[in-house]
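Read the structure below first, then the notes.
The values are calculated or read from the model by the stated rules, or taken from the named source; none is laboratory data. Note that the coordinates shown come from a computational prediction; the quantities given were computed from them, not determined experimentally. Cβ placement follows ideal geometry from the backbone for every residue including glycine, while neighbour counts extend to all protein chains displayed. Ligands, DNA and RNA are excluded from the accessible area calculation, which covers all protein heavy atoms including side chains. Shrake-Rupley method; radii C 1.70, N 1.55, O 1.52, S 1.80 Å.
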Amino acid sequence: MNSSPPGLRLLRPPTVIGQFHTLFFGSVRTFFLGVLGFTVYGNEALHFSCDPDKREINLYCYNQFRPITPQVFWALQLVTVLVPGAVFHLYAACKNIDQEEILERLVSTVFYIISVLLRIILEALAFWLQSHLFGFLVDPIYMCDVSALAKIFNISKCMVPGHFEKTIFLSAMYTFTIITILLCIAEIFEILFRRLGYLNQPVT
């Protein structure tokens, strides 16, 4: 008989797919963003240069090119996606629901499925926002509208550093989001199958 307190065991999701998603894939995604993301995007603003190469024009165009930095966006995405699961585990801890009992009780099962559905919605929303903010390809040249800043010319041509690396990194982050959505969908099916008794033997 496991004597661990219920709150401690609730750190793990009640499904195999959920545990894989949280312990393995979530860690890989966080490591990828924290280490490689800083390498690819860390000094982007310093190397972003426009013609003419003036500090105020470079800064103005970079803010136009990046309304929000990718690292901040993806960090907010990771934190936001964790919220539904954190809320559910807080609910389960308050109700003293053990990890093994989550899928045995109908109410807790429904709440858990809702938390997974919310994760899917948040990931899909992040995918849509990312496509609108960053696109799918990073062009080596960015044409900046400086009409509000310069009187002589309206368009400044800017060089985007490491555009090929950024395109690869964007593709990886899109892939991570898609895989997360597919894992969440698979987790819902696992929950339904276990509720129907296909994956678990009935208690006698």
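On the chain, 69 percent of the accessible area sits on carbon and sulfur atoms, based on a 1.4 Å probe.
Once you have a ≥ b ≥ c as the square roots of the Cα gyration tensor eigenvalues for the range 28-113, tell me rounded if a/c is under 1.5, and otherwise prolate or oblate according to whether a/b is larger than b/c. It is prolate, given that a/c is not under 1.5 and a/b is the larger ratio.
Modelled label positions at GLN64 and LEU76, each set 7 Å beyond Cα in the direction of Cβ, lie 2.2 nm from each other. The residues of the range 36-195 present an accessible area of 56 Å² per residue when probed at 1.4 Å with all protein chains retained. Within a straight-line Cα-Cα reach of under 25 Å, LYS157 can be paired with the following lysines, leaving aside sequence neighbours fewer than 8 residues apart in one chain: LYS54, LYS166. Which residues make up the longest stretch of the chain clear of chymotrypsin sites (Phe, Trp or Tyr not before Pro) that lie in a DSSP loop with no more than 15 other Cβ atoms within 10 Å, not counting the sites? Longest site-free region, per DSSP loop and neighbour criteria: 1-135. Per-residue ellipticity at 222 nm, computed for the chain from helices alone with -39500 (n - 2.57) per DSSP H run of at least four residues, works out to -19000 deg cm²/dmol. Which of the three applies to the range 94-167, rounded, prolate or oblate, going by the alpha-carbon gyration tensor with a ≥ b ≥ c and a/c under 1.5 meaning rounded? In terms of gyration-tensor shape, prolate. The Kirkwood hydrodynamic radius of the range 36-195, based on inverse pair distances between different Cα atoms, is 18.5 Å. Between ILE179 and ASP145, the FRET efficiency estimated from the beta carbon spacing at R0 = 41 angstrom works out to 0.65.
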